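Here the structure is laid out as structure tokens; the discussion comes afterwards.
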Amino acid sequence: MPHEEKRKIIKVGETSYGIILPKPWLRYYKLTDRNKLKVMSNSNIIIEPPDKQQEGLNRKQSFNKFENKTDFEIKKEGEAT
């Protein structure tokens, strides 16, 4: 569901700000007011729904099995399977 949309920042209380999420996004990602979203920032701001966070953990776990191995060792393991 690639989508781009401009959203306005609104003041929430005395010291906080927020962005309203469109209802179609909430329905698509099956989100409610009880869900926690992961917000990451660097040069971009990325907001991940809960199911994407789990996918990220799974991806990290699969990369971790190659940690501290040479390219040759990784290639050799791939050929063995």
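Tabulated data
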| item | result |
| --- | --- |
| Extension reserve of the K36-E4 stretch, reckoned as 0.36 nm per residue once the Cα distance is removed | 9.4 nm |
| Sorted by Cβ neighbour density within 10 Å, fewest at the top, the residues Y28, Y17 | Y17, Y28 |
| Cβ-derived FRET efficiency at R0 25 Å, K11 paired with I47, nearest 0.05 | 0.85 |
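Rule-based calculations on the coordinates, nothing more; no lab input. Keep in mind that what you see is a predicted model, and the values were worked out from it rather than measured. Cβ sites come from the backbone with ideal geometry, for glycine too, and all protein chains shown count toward neighbours.
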